[in-house]
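Only one structure is covered here, and it is reproduced in the block below.
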Amino acid sequence: MRKGYVEVLVDRCKGCEMCIPACPRGLMTFPMKTLNKAGYFIAEFEDPEEQCPACKMCAIACPDAAIVVYKRVKEPAGGAK
Ligand code: SF4
Ligand code: SF4
């Protein structure tokens, strides 16, 4: 089950690539396929095997606060009511 998910805030990203080496699992990529409104290619999150533990290293490395990390929280025993 997926633990973490990363959203790159497209129009905040300046394409500096700082998040790429910051990810210990190599899940941040720079495919140079999407331009934002300001004309920068943007970083992308690619995690087909659902390996991201939501460690936030990518977000910490981003100088433009362009990365939001979501972490799955466990449901309480018995499930939601
Ligand atoms: S949260 Fe951690 S593992 Fe997930 S993409 Fe960011 S740096 Fe990589
Ligand atoms: S570190 Fe932030 S601004 Fe730089 S490429 Fe990654 S998401 Fe974009």
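Kindly provide the helix-only [θ] at 222 nm of the chain, computed as the sum of -39,500 (n - 2.57) over DSSP H runs of four or more divided by all residues, to the nearest 500 deg cm²/dmol?
That calculation yields -2000 deg cm²/dmol at 222 nm.
Among 48, 61, 20, flag the residue with its Cα farthest along the positive direction of the charge dipole of the stretch 1-73, charges on Cβ as +1 for Lys/Arg and -1 for Asp/Glu.
61
Would you work out the relative contact order for the chain, in percent, from Cα pairs under 8 angstrom that are 6 or more residues apart?
RCO, the chain: 42 percent.
Across the stretch 50-60, in residue order, what do the Karplus-derived ³J(HN,Hα) couplings come to in whole Hz, using 6.51 cos²θ - 1.76 cosθ + 1.60 with θ = phi - 60° and x for Gly and Pro?
In residue order, the calculated couplings are 6, 9, 5, x, 6, 6, 6, 4, 5, 5, 5 Hz.
Using +1 on the beta carbon of Lys and Arg, -1 on that of Asp and Glu, and nothing else charged, what's the dipole of the stretch 1-73 about the Cα centre, debye to 20?
Charge dipole of the stretch 1-73: 200 debye, to the nearest 20.
Read-outs throughout are calculated quantities, based only on the coordinates presented, and are distinct from any laboratory measurement. Note that this is a predicted model, so its numbers are computed, not measured. All Cβ positions, glycine included, derive from the backbone under ideal geometry; neighbour counts span all protein chains shown.
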